[in-house]
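The values are calculated or read from the model by the stated rules, or taken from the named source; none is laboratory data. In this text the structure is predicted, and so the values were computed from the model without any measurement. FYI the Cβ positions are ideal-geometry reconstructions off the backbone, even for glycines, and counts take in every protein chain you see.
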């Protein structure tokens, strides 16, 4: 008979702690166990992340022990029920707690008997079994932690035990302390102390680890049973001087002899006579029955034909020898049975398995939704509803799943400030087009693309009238490389209301809207005092003044108009030291100056001074702004940014940069954003994405 030897290892912050871990216990059969629960030993490990309260671990141990020893049926069924009970108890304990106080982890149960062991695991546990020099590790996959949902995924393993085998079970961290080859060499060591010291060294100096090592040894090598106590020494022959003898008990007085009762004697005699008559009657009846049976048997034997004797007197026919076996036929039959089982299993799972799995997923989604409804804090609620969407993502044609999906999406819309819009397609430039600047003024839309071509589109209600008309093109007569453009209205001494297109160099191409829409004559303005080495990348205008963003000189140049020209040299917008503009790529002005950088950050200045503007609290995903737009006629009214990474438009508070809302579409119209603008009078937004021009309704605002 084999015996078992157990050792425990408990590490806290890499140091060994004396005594067993709070979540590890070895149980032997109690006297109240259910019939059939005759396992010699139950090894139980409950391992929770973080600092689990001792009362919680004690409760889980009690639930596991009670469930296993009271379960009726096979040992595998008892182990499954034990794992399920521990998970359910932990899940119920987590429900009323806030997310940061909940505990998750794993449970492992090993039931030992003569020559075999059954192991059940769920959650974050790990075990390895060394037998005959070979190492097996369980489970072969990563299981979700227990305590997250009402149901846990469990895995069962079976091991045949013989002297010399070793079973190591413990925290999930054991899987990463060493490679299988290292653990195999370590567990092959005969000295158990050396094995535990080696595990302590492999675990390193950080973290918590609980482990139990079971060694299967011969009965002689197992821990010996306690010896019986020796018998008490014999009494000495004579009393010692200090011995006190007990006082003898007085003799019991003799009972007086009772007089005989005449009625009891007569009743006893009558009962004996009746019993004798009954015995005689039974004997006579037996003789009659035997005689009748013999006469009936004689009558049957006298009948002609087959022998009518009772079957137990007939000789048994000889058994036919079994037919010779055909190995090929038996192999074919076995393969056929396996194929039939596989087909039946596949058909059954296809018919019923997905439905059962969907039902279980829906139960978990309902529980997660209830937690999200009761969540305290925007982030906790959002995480809960996102988890609900992830759970029901693959469930189709189910009314309950669809209702949960709609509720979760509506809650996320409110939490993330999402306003769903339906953009109107106005014009398709083609997927190869790359617009750099888009300007809206009245019924005219102007587009400057990456090839240096300026085109005009005319709006007629909610559609574009005709085709795009080319106004200027880089390389044509008297037109150089075009960089950027801006609509410059009257202001100061300026009276004209025109489109100015910046050439690479020191000139501006002028377009007057009073000209015919079929083309434009080339007219130049040459600003005075062009800074040496200046290479502007963007331009904007405000109240007739012209602003050039020049990362090369680290300046924002400002030209003040005289009549409809800019004859005087520029002045720096920043009175003091200018900020680092090396990565600046765009700007917009409504009285405040907003500068957009290549990394998507935005800065705000007023009268050349920073205003403490910070883009904050924008919901996921991470933003990558590529264009911005303001209304130059309404200061601090609206700040709209095109987020290429999030495929959305983001509205910020123009005063401090706080998030207001985001505009999204279900048709994918915001995919591959390229340019953005606002029409000042109607505040109608226009944008180009993927080479297509879209519009949004006038007066765009947040719905939440």
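Considering the stretch 530-618, the qualifying strands (runs of 3 or more DSSP E), each wholly inside and each with 1 or more residues that are surrounded by fewer than 14 Cβ atoms within 10 Å (Cβ to Cβ), run over 602-606. Restricting to the stretch 409-433, and then to whatever is surrounded by 14 or more Cβ atoms within 10 Å (Cβ to Cβ) and assigned to a loop (DSSP other than H, G, I, E, B), can you tell me which residue is modelled with the lowest pLDDT? Filtering first and then ranking leaves 433. Only a single item in (1) within 28 Å of residue 93 (Cβ to Cβ); (2) touching a helix residue (DSSP H, G or I) at 6+ places or on another chain (Cβ under 8 Å) is not met by residue 390, and it is number (2). In this structure, residue 464 qualifies as in the same structural domain as residue 504 (by TED's automatic domain parsing), over 20 Å from residue 537 (Cβ atoms), touching a strand residue (DSSP E or B) at 6+ places or on another chain (Cβ under 9 Å) and touching a residue at least 12 places away in the same chain (Cβ under 8 Å). Within the stretch 110-140, the set of residues being crowded, with 18+ Cβ neighbours inside 10 Å and under 25 Å from the mean Cα position of the chain (by Cα) comprises 120, 121, 122, 123, 124, 125, 126, 127, 138, 139. Would you check if there is a residue in the stretch 628-646 being under 30 Å from the mean Cα position of the chain (by Cα) and either exposed (fewer than 15 other Cβ atoms within 10 Å of the Cβ) or more than 24 Å from residue 690 (Cβ to Cβ) (or both)? Yes, the stretch 628-646 contains a residue that is under 30 Å from the mean Cα position of the chain (by Cα) and either exposed (fewer than 15 other Cβ atoms within 10 Å of the Cβ) or more than 24 Å from residue 690 (Cβ to Cβ) (or both).
Just one of the numbered conditions (1) in contact with a strand residue (DSSP E or B) (Cβ under 9 Å, 6 or more places away or on another chain); (2) within 21 Å of residue 372 (Cβ to Cβ) is not true of residue 100: (1). Residues considered: 18, 100, 62, 49. Of these, the only one that is within 18 Å of residue 209 (Cα to Cα), at pLDDT below 95 and exposed (fewer than 13 other Cβ atoms within 10 Å of the Cβ) is 18. Within the stretch 169-218, the residues that satisfy the criterion of being exposed (fewer than 13 other Cβ atoms within 10 Å of the Cβ), part of a loop (DSSP other than H, G, I, E, B) and either modelled with pLDDT of 85 or more or outside the structural domain of residue 25 (by TED's automatic domain parsing) (or both) are 190, 191. Does residue 408 fit the bill of being farther than 23 Å from residue 649 by Cα, out of contact with any strand residue (DSSP E or B) (no Cβ under 9 Å at 6 or more places or on another chain) and outside the structural domain of residue 538 (by TED's automatic domain parsing)? When the stated conditions are applied, residue 408 does not pass them. Residue count for the stretch 67-78 satisfying the condition of being in contact (Cβ under 8 Å) with a residue 12 or more places away in the chain, farther than 17 Å from residue 147 by Cβ and in a helix (DSSP H, G or I): 6. Per the conditions (1) assigned to a strand (DSSP E or B); (2) under 21 Å from residue 691 (Cα atoms), the sole criterion not satisfied by residue 499 is (2). Which of the residues spanning the stretch 445-461 are out of contact with any strand residue (DSSP E or B) (no Cβ under 6 Å at 6 or more places or on another chain) and part of a strand (DSSP E or B)? Once the filter is applied, which keeps residues that are out of contact with any strand residue (DSSP E or B) (no Cβ under 6 Å at 6 or more places or on another chain) and part of a strand (DSSP E or B), the stretch 445-461 yields 459, 460.
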